[in-house]
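First up is the structure itself, then whatever we jot down about it.
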Amino acid sequence: MKDAAQPDVIVIGAGVVGLSAAIAVQARGLSVTVLDREGPAAGASAGNAGAFAFTDILPLASPGILKKAPRWLLDPLGPLTVPPAYAAQIAPWMFRFWRACSPKRVAHSTAAQTAMMDLSKAELEPFLAATGTLPMLRKEGNLQVYESEAELKASLPGWKARAEHGIEFRHLDASAMREIQPGLAPRFTNGTFTPGWYSIADPKLYTLALADHFRAQGGAIERAEIAALRPVEGGVELTAADGKTRRARHVVLAAGAFSHRIARTLGERIPLETERGYNTTLPSNAFDLRTQVTFGGHGFVVTRLSTGIRVGGAVELGGLKLPPNFRRAEAMLKKAQTFLPGLKSEGGVQWMGFRPSLPDSLPAIGRARATPHVIYAFGHGHLGLTQSAGTARLVADLLTGQRPAIDIQSFSPQRF
Ligand SMILES: Cc1cc2nc3c(=O)[nH]c(=O)nc-3n(C[C@H](O)[C@H](O)[C@H](O)COP(=O)(O)OP(=O)(O)OC[C@H]3O[C@@H](n4cnc5c(N)ncnc54)[C@H](O)[C@@H]3O)c2cc1C
């Protein structure tokens, strides 16, 4: 007999990935409880840049980044940093990252990422419609800007790869670029516009709206910090940090950058690290932004949200414990002022978030080695919002015994 207090499924983590999965599973008729140590939208899902970057099919781990990295690493406040205090710990992950940059592995990751993006894009609008969040969707595209013909030329192999995967874009000269986004500094000579890049009005409000929808459909969200999982007869036992235990038939582990700690209690070592990112959100009147603008050579974007203008990005391979270094957010804001001369930089709110990243830039979606009753759904790196609806679909397929909508072998948590 079914225990009324024991849900069919417990999802650990009320970020955009956990809540999307919870909603998709709930829609298949299972009872679902979501546990989060802080409550909904406490992690990376709250402060990200809000992009559904469906055209971002090229893994970060690629020969291109290996070329840029040495120059970037020279600047302690630049687009990529490894704090000396964390250099030894991150070294094994970086070695795996470097190995994932071989042309063969990049081709494999690109194909897997393309399938995931296609699924996520196809799932997104029906998901938004079902959760009442469709009005939050914006289709304003993305403008990547370059400071010379040479920089555009260097990016062409990446665009060729995207073209091969059917992605639409237009290379623009300076005047066509300024028609799309007026107010760019003269140093930007060329651009590439991708119309198929969508965004959400505000990622935190979106995640909170998902939480509301989940509750309205009968789901429960409770506060609990989960410390360990243990397979038991017919399900899984969860132990919280305060020692309390509870059981469910299935568990979905979606605790973002902290997921590997919980997976380890099942005896599984997953090389999840965090790429810490920073931003500053300025008041809405800070700049007349018409599209999301990516300053690729400097590793940050400027995004128009319903709640303000967000300037941020960068990667700091600094682990989960070091304090934030908000000078990084200040450095990006300073550059943004130079790149968008009319930008009003007063009144900003700074933020740091933990991107949950695996070395090959693909997420971990699949069953735990120790038990088929635990499904992993984490490690989406720069693309957790983008791939949330697709991940939700795959988790729901796995939990209801259906063949996953796409081949998930490349996302196997055991691939490392
Ligand atoms: C600066 C920046 C910009 C970004 N821009 C974009 C973008 O434009 N588009 C995009 O797609 N992605 C973007 N990302 C990445 C995206 O934010 C993440 O991939 C995504 O939010 C991950 O979602 P998640 O639900 O897996 O994790 P999170 O949102 O971090 O949620 C994990 C949840 O788990 C909870 N938790 C952790 N440990 C425990 C525990 N032991 N017990 C219970 N609960 C626990 C936390 O409290 C948290 O609420 C960006 C990230 C950053 C940092």
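The values are calculated or read from the model by the stated rules, or taken from the named source; none is laboratory data. Owing to the predicted nature of the structure, the values given are computational and were not obtained by experimental measurement. So basically every Cβ, Gly included, is an ideal-geometry build from the backbone, and we count neighbours across all protein chains shown. The area values use the complete protein model at the heavy-atom level, side chains included, leaving out ligands, DNA and RNA. Shrake-Rupley method; radii C 1.70, N 1.55, O 1.52, S 1.80 Å.
Touching a Lys or Arg at 6+ places or on another chain (Cβ under 6 Å) and open to solvent by less than 40 Å² (accessible area, probe 1.4 Å): which single residue out of Ala61, Ala53, Ala46, Ala69 fits that description?
Details: Ala61 fails: touching a Lys or Arg at 6+ places or on another chain (Cβ under 6 Å); Ala53 fails: touching a Lys or Arg at 6+ places or on another chain (Cβ under 6 Å); Ala69 fails: touching a Lys or Arg at 6+ places or on another chain (Cβ under 6 Å).
Result of the check over Ala61, Ala53, Ala46, Ala69: Ala46.
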Any residue that is more than 14 Å from the ligand (Cβ to nearest atom) and more than 30 Å from Gly13 (Cα to Cα) - is there at least one of those in the range 193-209? yes
Only residues that are out of contact with any helix residue (DSSP H, G or I) (no Cβ under 6 Å at 6 or more places or on another chain) and hydrophobic (A, V, I, L, M, F, W, C): list them for the range 238-254, please. Leu238, Ala240, Ala241, Ala248, Val251
Residues located in the range 219-234, provided they are buried (at least 20 other Cβ atoms within 10 Å of the Cβ) and either under 21 Å from Arg369 (Cα atoms) or within 9 Å of the ligand (Cβ to nearest atom) (or both): Ile226, Leu229
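Here is a yes/no grid of residues against (1) surrounded by 13 or more Cβ atoms within 10 Å (Cβ to Cβ); (2) of a type in the set (D, E, K, R); (3) in contact with a helix residue (DSSP H, G or I) (Cβ under 7 Å, 6 or more places away or on another chain); (4) not assigned by TED's automatic domain parsing to the domain that holds Arg393:
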| site | (1), (2), (3), (4) |
| --- | --- |
| Glu123 | yes, yes, yes, no |
| Leu128 | yes, no, yes, no |
| Gly132 | yes, no, yes, no |
| Pro135 | no, no, no, no |
| Glu147 | yes, yes, yes, yes |
| Trp159 | yes, no, no, yes |
| Ala163 | no, no, no, yes |
| Asp173 | no, yes, no, yes |
| Pro186 | no, no, no, yes |
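Considering only the range 30-43, state which residues are more than 6 Å from the ligand (Cβ to nearest atom), surrounded by 24 or more Cβ atoms within 10 Å (Cβ to Cβ) and not in a loop (DSSP other than H, G, I, E, B).
Listed by number, the residues that qualify are Val32, Val34.
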Given (1) more than 30 Å from Ala405 (Cα to Cα); (2) in a helix (DSSP H, G or I), index of the condition Gln144 fails: (2)
Just wondering, is there one or more residues in the range 5-13 that are more than 14 Å from the ligand (Cβ to nearest atom), at pLDDT below 95 and either open to solvent by less than 10 Å² (accessible area, probe 1.4 Å) or within 19 Å of Gly313 (Cβ to Cβ) (or both)? no
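Every residue, every condition in (1) over 20 Å from Leu385 (Cα atoms); (2) of a type in the set (A, V, I, L, M), yes or no:
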{"residue": "Ala220", "(1), (2)": "yes, yes"}
{"residue": "Arg223", "(1), (2)": "yes, no"}
{"residue": "Arg261", "(1), (2)": "yes, no"}
{"residue": "Arg276", "(1), (2)": "no, no"}
{"residue": "Pro283", "(1), (2)": "yes, no"}
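If you go through the range 44-95 one residue at a time, how many are aromatic (Phe, Trp, Tyr) and not assigned by TED's automatic domain parsing to the domain that holds Gly166? Show your work before the answer.
Keep residues of the range 44-95 that are aromatic (Phe, Trp, Tyr), which gives 52, 54, 72, 86, 93, 95.
From the residues that got through so far, the ones that are not assigned by TED's automatic domain parsing to the domain that holds Gly166 too are 52, 54.
Residues meeting the conditions: 2.
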Looking at Arg261, is it open to solvent by 10 Å² or more (accessible area, probe 1.4 Å) and not in a helix (DSSP H, G or I)? no
What tally of residues in the range 353-386 results from selecting those that are open to solvent by 30 Å² or more (accessible area, probe 1.4 Å) and near the ligand (Cβ under 9 Å from one of its atoms)? 3
Of the candidates Leu320, Leu289, Leu333, the one satisfying the condition of being in a loop (DSSP other than H, G, I, E, B) and buried (at least 16 other Cβ atoms within 10 Å of the Cβ) is Leu289
Among the residues of the range 47-58, what is the count of those that are in contact with a Leu (Cβ under 9 Å, 6 or more places away or on another chain) and either more than 14 Å from the ligand (Cβ to nearest atom) or among the hydrophobic types (A, V, I, L, M, F, W, C) (or both)? 5
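Considering only the range 249-258, state which residues are within 15 Å of Arg355 (Cα to Cα), surrounded by 24 or more Cβ atoms within 10 Å (Cβ to Cβ) and of a type in the set (A, V, I, L, M, F, W, C). Reasoning before the result, please.
Restricting attention to the range 249-258, the residues satisfying the condition of being within 15 Å of Arg355 (Cα to Cα) are 254-258.
The next check asks that each one be surrounded by 24 or more Cβ atoms within 10 Å (Cβ to Cβ); those that pass are 254-257.
Listed by number, the residues that qualify are Ala254, Ala255, Ala257.
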